[in-house]
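Here's the structure, in structure tokens; my notes come after.
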Amino acid sequence: MKIAFIGLGNMGGGMAANLVKAGHAVNAFDLSDTALDVARENGCTTFTDAAAACESVDAVVTMLPNGAIVKSVYADSVIGKAPAGAVLLDCSTIDVATAREVIGLAEAGGYDMVDAPVSGGIAAANGGTLTFMVGGSDTAFERARPILECMGKAVIHAGPAGNGQAAKICNNMLLGIHMIGTCEAFAMAEKLGLDPQTFYDISSVSSGQCWSMTSYCPVPGVGPTTPADNDYKGGFAAGLMLKDLRLAMEAAEAVDAPVPLAARARALYEDFVGAGNAEVDFSGIIRTLK
Ligand code: NAD
């Protein structure tokens, strides 16, 4: 297939490269010249205009920073510019309402489109091991699936348009909450005189066990190797966790869902990011609790 890929940043760069590795011809566009240089080295054909990149393709994939940018890119450069019948895939993390609005515009323009946000960070994007949670019609999902499978290890249909974003923000809301809970437990255990490794050995096989503890332990030297072992560098930036918690709060307000713990988690990450930690791994919030 010929696929246009728009948004070649930390995530999109590796994803576009994996489409090339799978044998697709990739037309790449980004506002950044550096990103375009890397895409060219990875075998993409680069363009200086998004609409031109979308001409005569079978599919368009986007991986962009936020909903406003996604909406403007689709309205200005994809819908009506990509050939009728192309399938459109937005893999960015954006708000549910904008995802549904953009898919509505695409469908009115005669396209099949899915929202397909990802779980997994830069390493998973580079390694082709992302998990995609996909919203859209059955037809759109079946058309998007083989493309997504070139970039991920799991592709799950979450329901109609916008449900991929709904799954993503509910998942990341839970992640933000249990990371803070895990950090609180380790910080308090230490103050109570409990060795962190001993607490891990007990809690990781007891009822307090969770992913933030056993797969992403925020304490250096305890559990598997994580960003905590690299001075909280790499991994999932606190600024992105804050972005996802803000999206979760917006969605909660829109449907009147009470989320008191998420509200507190957002406030804590706002303080953490506001103190200059936007690039620090999100598990680094343990430093503020010690
Ligand atoms: P990034 O900032 O590294 O990349 C975004 C890219 O989009 C940049 O290269 C930028 O130049 C480009 N861009 C911005 N506006 C554009 C436009 N109008 N036209 C073309 N290109 C444009 O961000 P990222 O880390 O790659 O994240 C991308 C998306 O993936 C975000 O929605 C993010 O929330 C989500 N996400 C990121 C991670 C992660 O660990 N980084 C994990 C899961 C999901």
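Some values worked out for this structure:
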read-out: Verdict on Lys233 being closer than 26 Å to Arg266 by Cβ, among the basic types (Lys, Arg) and out of contact with any Ser or Thr (no Cβ under 7 Å at 6 or more places or on another chain); value: yes
read-out: Qualifying position, being among the aliphatic types (A, V, I, L, M), surrounded by 21 or more Cβ atoms within 10 Å (Cβ to Cβ), more than 21 Å from Ala59 (Cα to Cα) and over 14 Å from the mean Cα position of the chain (by Cα), among Ile202, Ile147, Ile180; value: Ile180
read-out: Selection within region 47-69 - among the hydrophobic types (A, V, I, L, M, F, W, C) and near the ligand (Cβ under 8 Å from one of its atoms); value: Ala50, Met63, Leu64, Ile69
read-out: The listed residue being surrounded by fewer than 21 Cβ atoms within 10 Å (Cβ to Cβ), in contact (Cβ under 8 Å) with a residue 24 or more places away in the chain, touching a Pro at 6+ places or on another chain (Cβ under 9 Å) and assigned to a helix (DSSP H, G or I), out of Lys243, Lys233; value: Lys243
read-out: Residue match in region 113-122 (condition: within 11 Å of the ligand (Cβ to nearest atom) and among the hydroxyl-bearing types (Ser, Thr, Tyr)); value: yes
read-out: Subset of region 1-46 [small (Gly, Ala, Ser) and either surrounded by fewer than 22 Cβ atoms within 10 Å (Cβ to Cβ) or away from the ligand (no atom under 14 Å from the Cβ) (or both)]; value: Gly9, Ala22, Gly23, Ala25, Ser32, Ala35, Gly43
read-out: Region 122-141 residues that are more than 9 Å from Gly159 (Cα to Cα), paired with ones that are of a type in the set (Lys, Arg) and part of a helix (DSSP H, G or I) (beta carbon under 9 Å, 6 or more apart); value: Gly128/Lys21; Phe132/Arg145; Met133/Lys168
read-out: Complete set of residues in region 108-124 that are within 18 Å of Cys54 (Cβ to Cβ) and either assigned to a helix (DSSP H, G or I) or touching a Cys at 6+ places or on another chain (Cβ under 6 Å) (or both); value: Ala108, Ala116
read-out: Single match in Leu31, Leu64, Leu105 (criterion: out of contact with any Asp or Glu (no Cβ under 9 Å at 6 or more places or on another chain) and part of a loop (DSSP other than H, G, I, E, B)); value: Leu31
read-out: Test for Thr129: is it surrounded by fewer than 21 Cβ atoms within 10 Å (Cβ to Cβ), among the hydroxyl-bearing types (Ser, Thr, Tyr) and either within 15 Å of the chain's Cα centre (by Cα) or at pLDDT below 95 (or both); value: yes
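A quick yes/no check of all residues on (1) under 21 Å from Asp115 (Cα atoms); (2) under 22 Å from the mean Cα position of the chain (by Cα); (3) not charged (D, E, K, R):
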| site | (1), (2), (3) |
| --- | --- |
| Gly7 | yes, yes, yes |
| Leu31 | no, yes, yes |
| Val38 | no, yes, yes |
| Asp58 | yes, no, no |
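The values are calculated or read from the model by the stated rules, or taken from the named source; none is laboratory data. Keep in mind that this is a model prediction, so the values were computed, not measured. Quick reminder, even Gly has a Cβ in these numbers, built from the backbone with ideal geometry, and neighbours come from all protein chains shown.
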